[in-house]
Amino acid sequence: MCKHHEIGKAPPRASLSLTRRDALKLALAAGLAGAPLIAGGRLMFESSGAAFPNAPRYAEDANRADSDAPLALLCPEGAPADGWLEILRVEGLPYAQTLSISDATPAVLERIAAAVVLPGSVSQTEAEALREFVLAGGGLIVVQPNAALAPLCGLTWSETITHEGYLRIQRGAIGTEGIAGDAMQFHAPLRHYALHEAEAIAHLCDRDGVIVQAPAVAYRRLGKGAVATWCYDLAASVVRTRQGPMERVDVEADGLEGVRAVDRFVGFIDLDRIHLPQADEQQRLLINLLNEVSAAPLPRLWYFPGGADSVLVCTGDSHNNPAPAVDEVLRHVEAWGGTMSVYYTPPPTNTVRRALRRVRDWLKEQPVLGDALPPTDVVTPYHAEAWRDRGHEFALHPYVEEGLEIGWERYWRQFTGLGYGEFTTTRTHRVLWHGWADTARVQAGYGMRMNLDYYHVGPAFQRSDGSWAFGYFTGSGLPMRFVDVDGRLIDNWQQNTHLVDEQLIDMPWGANFTGSAPEQAVEIVRDLIRRAASGAYAALGAQFHLDPFAVPGPWTEGAGRFLDGALAACAEHGLPILSGARWLDFTQTRTAVQLADFHPPSEAGDCSFNVHADHPDIGLTLLLPVRHKQSYLKKLQANRKLIPIHTRKVGATLYAQIDLQSVATFVDARYSGS
């Protein structure tokens, strides 16, 4: 975000005219470089800035299917699958195939271990085919079954609906281990089925957790298989929980001038539940029950690189700060073994002055000419290149006060025209937000694949008793791609900024909404990091502005203590400190993993499959359930090499871990009941 004293003000648009004086300066500078016309002309051309890249805005490969995958989505006519596929990817199952429910014949179903039936019209004939699948040992997750499908789920159909509210797990019920027992919000219509031959896994409840008889999630064993039922559309609820209600688009509500994403969450997120990643908890309940119903063990990818319990996504906004201040902060981060994204707003100028700056920057790098030039602290392309070589990201922090597309076009040309290079993640100045997902869609067109504009700042997070809430206002600590108003998946990941310095400590422009001292602010951060490392499993986005280090004052020491305190807490709990670009690389690589040639456990208990990962050196970890039905994992091999069984418990499931170290990994495992 940027300084609040600049709210509503954008830098003036620079003139593009070439004065006689500018022309003489440009010619002189180019002459010193030894090529008066060629260099000047080339730099003039380059300094106009890069053209709009018109990158793909939507994840066109979102429905990529592994045809022999053990997991499938069964879609009634018109049922959108993108949100469900994205939930499975976030939870480490990127290989699900998508099938029309009308194509789910017995021959097709017998090759599937588990299927998720999406909401929609299911005929009696289709329901009967699914019943035979379960009786034979298949596993189903059914989402809001219609009247024809409800009996298979052990439920009685009802016309009654609660449009949004709270649910609570039934402690001790199957699949609930590791899931928060508090009342949690959901944000999609829940149908009030009556339990018939099913048991409740979670109930509808009021805000205090007092149960209403209607189940929210139910479970039924049938023949050799089982059915779990979601009485509300989990994917629709997760998207609405994460992105906020569509009906509140462009509404000012948080008490700060300018519309931000957080405006949609005022009165929408229960501040007494914000400490819970509510959407993530409900997704993990889904995976727990998938493992319970599946006819085969389902492989899964761990959330974070190198088997870490969580990560810190380390970022800092920089408003034309001098290079030494930027470098100072980066060295703080490096001292803790981390990398950082610097979101930089370049100074307003025109094409000619950008060209002059670039010539001067080049001259300053030359052994003899550089010494003749007066010193300057201005950030040059050479600084940006050196910082990237050290593992950091140097990216754009654009102003969009005059309009989303106008702002991006102007600042894109400014940043690229100064020669600052390429980048893939961003945060907007003042975190202004347009439409429901317009900002994400426009950014995707510029090749931005991760956005950090969902940002924990302002009076929206103060409770009625005056206390302040911290945690997960989107219900999540994990990145997920945005969904457009038409249900399409935008190729831009929503990464929340959970920890924001200006919410907690003094800034040169004031801020510090909570009035905390640096030591108190560090304790708040430490608590969130501790909970993430202890089972909340989060990529915690952090904002460490560079301005307090560039503008000396009473805030500078506090900013340094806050930065070091947060990074020390990461080191204490083993959290990697990653730039947005590095976290994006891992996220994209994990999502693109493919599974093929899956063979479920044979009568002898042998199970095998192939895993393809484009960049295995990025730290991917594969998880395989230790228990399946009444059998236990006894032997595990990767590329024909026996590996020891090291375990990690996630929710209700104990997994064996495999570090993926090759582009192609053949996994074979043996399960035995003895």
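No value in this document is a laboratory result; all are computed from the given coordinates. Remember, predicted model here, so these are calculated numbers, not experimental data. Methodologically, a virtual Cβ is constructed for each residue, glycine included, from the backbone with ideal geometry; neighbour enumeration extends over all protein chains shown.
Details
- The alpha carbons of region 283-376 stretch over 74, 32, 22 Å along the principal axes, in descending order.
- Note on the chain: Kirkwood radius taken over Cα pairs, Stokes-Einstein applied at 25 °C and 0.890 mPa s, translational D equal to 92 µm² s⁻¹.
- Rg and Dmax [Cα atoms of region 515-663; Å; Rg one decimal, Dmax integer]: 21.1, 72
- Remark: spin-label model distance residue 464-residue 610 equals 6.1 nm, labels positioned 7 Å along the Cα→Cβ axis.
- Each part reduced to its alpha carbon centroid, region 441-519 and region 608-645 end up 36 Å apart.
- With Cα atoms defining each centre, region 387-436 and region 167-204 are spaced 43 Å apart in the structure.
- Ordering 608, 579 by the number of other Cβ atoms within 10 Å of each residue's own Cβ, fewest first, gives 608, 579.
- Positive-end residue, region 253-342 charge dipole about Cα centroid, Cβ charges, pick of 258, 308, 319: 308
- Charged-residue dipole, Cβ positions (Lys, Arg, Asp, Glu), the chain about Cα centre, Debye nearest 20: 980
- Sparse-neighbourhood loop sites, GluC sites (Glu not before Pro) in region 66-109 - DSSP loop, at most 10 other Cβ within 10 angstrom: 77
- Note on the chain: antiparallel DSSP beta bridges, both residues inside, total approximately 60 percent of the bridges counted.
- The separation of region 657-674 from region 239-285, counted between C-alpha centres, amounts to 40 Å.
- P(r) of region 612-674 over all Cα-Cα pairs, binned every 10 Å from zero, in whole percent: 22, 50, 25, 3
- Pairs of alpha carbons in region 362-471 whose separation is greater than 23 Å (percent): 47
- Efficiency of FRET between residue 557 and residue 270 - r from beta-carbon atoms, R0 35 angstrom, step 0.05: 0.45
- The tail of the calculated P(r) for region 477-522 beyond 18 Å holds 51 percent of all Cα-Cα pairs.
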